[in-house]
1. Are any residues in the stretch B:358-380 aliphatic (A, V, I, L, M) and under 24 Å from the mean Cα position of the chain (by Cα), and if so, which ones?
2. Inspect all residues belonging to the stretch B:158-175 and state whether any of them is aliphatic (A, V, I, L, M), closer than 30 Å to A:THR46 by Cβ and either more than 24 Å from the chain's Cα centre (by Cα) or not assigned by TED's automatic domain parsing to the domain that holds B:PHE34 (or both).
3. Tell me, which residue of the stretch A:140-175 that is loosely packed, with under 15 Cβ neighbours inside 10 Å and at pLDDT below 95 is farthest from A:VAL226 (Cα to Cα)?
4. Take the stretch A:14-33 and flag every residue that is among the polar types (S, T, N, Q) and farther than 18 Å from A:LYS143 by Cα.
5. Would you mind finding the one in A:SER325, A:SER307 that is in contact with a Phe, Trp or Tyr (Cβ under 7 Å, 6 or more places away or on another chain), among the hydroxyl-bearing types (Ser, Thr, Tyr) and under 26 Å from A:ALA182 (Cβ atoms)?
6. Conditions: (1) on the phi > 0 side of the Ramachandran plot; (2) in contact with a Lys or Arg (Cβ under 8 Å, 6 or more places away or on another chain); (3) at pLDDT below 95. A:ASN99 meets all but one. Number of the miss?
7. Could you list, in sequence order, all residues of the stretch B:309-350 that are among the hydroxyl-bearing types (Ser, Thr, Tyr) and within 11 Å of the chain's Cα centre (by Cα)?
8. Considering only residues of the stretch A:13-35 that are assigned to a helix (DSSP H, G or I) and at the interface with chain B (Cβ under 8 Å from one of its Cβ atoms), which is surrounded by the fewest Cβ atoms within 10 Å (Cβ to Cβ)?
Amino acid sequence: MKLLKIGISGVRGIVGETIVPELVMDFASAFGTYLQIKKVLVGRDTRISGPMLHEAVLSSLISAGCDVLDLGICPTPIIQFMVRKLEAGGAISITAGHNDLKWNALTFINQEGTYLNVFQGEEVLDIYHLGKFDKAAVDSLGKLEKTENYLDNYFEYLKKYLNAEAIKKAKLKVIIDPCSGAGAGVIDVFSRYLDFELIPVNNEPNGYFPHDPEPRPRNAQEVASVMKVVKADAGFLLNSDVSRVSIVAENGEMLSEEFTFPLIANEYLKRKQGTVITNHSSSRMIEDVAKKRNCLLMKDKVGQSFSIQTALNEDAVIAGEGSGSVAVLEFQPAFDGFLTMGFILEIVASRRKKISELVEELPRYHIVKEKIYCPPTKVHSVVHEVKKLFIDRKMDSSDGIKVEDENGWVHIRASATEPMIRIIAEDRSRENARKRAEEVMNFISTLVK
Amino acid sequence: MNRATSLKISVSGVRGVVGESLTPQLVAKFAQAFGTYLGRGEVIVGQDSRQSGTMVKKAVLSGLLSVGCKPVEVGICPIPSIQVFTKQARAMGAIAVTASHNPKEWNGLKFLNKEGLFLNYHQVDEFLDIYHQGEFSLVDVDKYKVPEYEENPTEPHAKKLLSYLDVNSIARGKFKVAVDCCNGAGAVLAPWFLERLGCQPVLLNCVPDGRFAHHPEPLPENIAELCRTVIKNKADVGFVQDADADRLAVVNEKGEPLGEEMTLVLAAKHVLSQKPGPVVINLSTSQAIDDIAAEYGVPVIRTKIGEINVVETILSLEEKPAIGGEGNGGVILPDVHPCRDSFTAMGLILEYMAASGKAVSELQNEVPRYFMIKDRIDKTQEETYRLIKEMRKKYTDKGEISLMDGMKITFSDYWVHIRPSNTEPIIRLIVEAKSRARAEEMVGFWRREIAEISKWK
């Protein structure tokens with residue numbers, strides 16, 4: 001079975017199997033044909049396969065008559081920022097985010113700097129399937145330009161948005177592990193702008209990842225091990241395109257990535273009340289935070305495309321997911337790891353509290369995230385079958401199945417990126433959370449042999 | 001060009017029209033097929049200066065990376081420099097992004113083996129089989145390589161040229177040299193090269209941006225600007241390169257174009273006077289070469305049309321040939337590299353001027369004078385094939401016939417060569433005689449003869 005996932009805002013697959021020059025070129029050509037403003041930004045993360053996709057994308061966009069501003073290796077949130085700054089028609093970010101090295105993907109970004117919405121994504125797909133791409137004659141081929149110094153544009157904007165004075169005064173010591181991804185090297189610029197002492201880990205953009213590029217406790221060992229030794233105030237793990245962050249507290253506790261969003265929302269909603277957007281798989285912590293701050297919480301399907309689109313439609317102030325993604329809409333409508341880290345530092349600095357103390361302000365739940373293999377052709381029917389387990393219970397089926405009671409919940413859905421069914425369960429007690437997940441896992445394993 | 005066939009896949013590579021047939025997808029597939037053919041390793045990637053070069057090159061890089069090759073980019077670079085560099089760098093092979101002398105809407109790929117030579121017929125066959133079968137050795141990420149960029153790819157070529165040529169003697173001539181690079185790849189080396197030879201260059205169209213100031217084929221009708229420049233600047237000689245800098249045409253000190261046939265004639269005369277040896281040329285190259293070779297008592301070996309045929313013959317001969325080439329301004333000096341090289345041609349002609357102390361127009365008058373006319377008639381390959389079959393019967397005992405490539409008949413005072421074109425659906429009709437009047441007369445005769453014989457079928 002070859003793995004290829006065509007989503008609303010992009011295409012993702014295994015390099016050498018489905019991610020080959022021709023497929024990348026067809027998608028990039030379709031995107032270039034779709035764009036109204038023929039000016040596109042292109043950036044990528046550090047994966048060893050990156051140049052193959054990058055060259056294919058540049059060639060195709062030029063051929064479709066699009067002028068291209070090449071950002072080289074660049075975190076996705078900075079690409080998103082630059083789309084608006086340079087008034088481009090859109091962008092392609094070449095990254096597979098938290099997936100391991102054998103994956104790569106194209107993410108399509110629109111004029112507003114957000115992932116394509118359903119309508120835009122479908123139009124690109126229609127063009128892709130039709131295979132009728134714009135082919136410019138030699139005099140109208142797109143021009144290729146390298147864009148330099150764009151990091152300064154972004155970090156000046158970030159510095160202005162945050163309370164940089166407070167962060168500087170606090171003289172923070174911060175460990176960041178960009179997992180040798182697109183954040184590598186860029187975190188140095190980040191630290192200079194916000195005036196904190198940076199202790200980098202895995203900061204070489206060498207094309208390989210030292211561990212899974214998914215920010216979560218099991219990948220946080222390296223950061224946690226130096227945390228106490230150097231007496232750092234905060235530790236951060238990034239995914240390969242800096243759209244997700246997980247936190248390690250000053251006492252070395254490797255916080256679940258579920259904490260990132262509620263920690264920020266708890267502070268931000270104090271300053272600015274408004275609607276909060278999350279997905280069905282995220283921890284209840286955010287519900288409690290929204291309730292405490294008297295804000296409306298809305299849930300949508302998993303994925304940046306849905307969350308941000310809904311946030312814009314609902315005029316929400318903040319959006320986030322349990323995977324460690326946070327978007328503060330007035331800053332930019334994008335999951336942004338730099339803003340996330342900067343905001344946490346600002347809270348620590350301005351409230352003069354340790355991260356472990358900030359965590360204490362949140363209710364504690366225990367979340368269990370499991371996944372089980374399922375052939376792509378059966379995932380949805382298997383998820384449907386699981387309903388039989390909960391015949392007499394109230395179910396929410398807007399994204400897979402979610403069954404809730406006052407102590408916790410379990411959410412079963414097909415993965416958007418892998419041939420897997422994801423089972424996420426949460427409860428006040430660790431044991432019960434595990435039980436909730438295991439019940440479903442056991443049932444599914446009888447269906448998928 | 002005939003747009004009905006805007007894509008040409010032949011022994012000399014792939015050529016197509018940008019915006020029509022030459023898409024990124026097609027280019028990437030050829031690069032994948034070539035990478036699969038070579039195996040995983042270093043592949044040099046160079047380009048001429050065409051505007052579409054970036055688009056095509058990036059598709060090549062993507063294709064090579066996907067099959068586990070390590071592309072080494074050399075940027076805009078003359079074809080002979082790419083050839084020498086490929087051999088010196090011990091790469092597996094090279095892809096040159098170029099459409100040679102075709103107009104600017106064209107671009108294409110030329111494929112080189114590890115010797116820095118164009119693939120021969122057998123190699124092209126094997127490689128095209130892989131392309132047509134469409135099974136490329138795509139690799140997993142653990143076999144991916146990191147691409148590189150070479151800053152100084154012309155250096156090995158320049159070194160070879162300077163060590164072969166008598167630089168001191170040329171420098172003493174203090175020649176003023178007008179050079180027209182046609183804004184092609186030659187521009188990255190020509191000004192530096194001429195200065196190193198102690199010449200005073202007058203540069204024309206030396207910005208390698210692919211905006212061809214004139215048709216990029218160095219024919220007399222395309223080089224009026226160079227002729228004027230020679231006169232205005234009182235230059236000793238004028239040179240014009242084609243877009244990928246493998247061919248050269250010469251203008252004398254009076255601003256008169258010599259005709260592209262004369263480039264090899266003058267170069268051969270000079271080389272043979274220094275170091276006699278066999279000469280390898282194609283069937284359509286001027287009779288003047290035979291006369292000069294006879295002077296020095298060396299054999300002339302004729303080959304089919306196409307650079308690779310001349311080169312293969314050069315490499316297969318037991319006695320190393322002194323020089324080879326084609327009448328279209330392509331000079332091949334095996335001591336530098338077995339490839340057509342406009343820089344070698346420039347160097348040899350300057351050396352000749354220095355050694356003889358004569359002006360180009362004088363040198364021109366010293367060689368046997370012939371007039372060649374190149375004509376074309378619309379005909380398919382199939383029609384040409386049948387036509388030649390008929391003619392062969394009719395002319396079997398009327399002259400000396402060669403069937404090596406189409407049909408060439410040598411009569412006492414002229415020769416005629418009739419062959420199907422490799423790149424277009426036409427017959428090429430070439431006649432060479434001692435006088436212009438005779439050449440014109442015989443072209444007329446053969447046009448009528450072709451029309452007559454075509455009626456028979």
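1. B:VAL360, B:LEU363, B:VAL367, B:MET372, B:ILE373, B:ILE377, listed by residue number.
2. No; the residues of the stretch B:158-175 include none that is aliphatic (A, V, I, L, M), closer than 30 Å to A:THR46 by Cβ and either more than 24 Å from the chain's Cα centre (by Cα) or not assigned by TED's automatic domain parsing to the domain that holds B:PHE34 (or both).
3. A:GLU145
4. A:THR18, the sole residue that qualifies.
5. Within the list A:SER325, A:SER307, the selection yields A:SER325.
6. For A:ASN99, the failing item is (1).
7. B:SER342 - this is the single residue of the stretch B:309-350 that is among the hydroxyl-bearing types (Ser, Thr, Tyr) and within 11 Å of the chain's Cα centre (by Cα).
8. A:GLU22
The values are calculated or read from the model by the stated rules, or taken from the named source; none is laboratory data. Computed from a prediction, not measured in an experiment: that's the story for all the values here. All Cβ positions, even for glycine, are placed from backbone atoms using ideal geometry, and neighbour counts span all protein chains on display.
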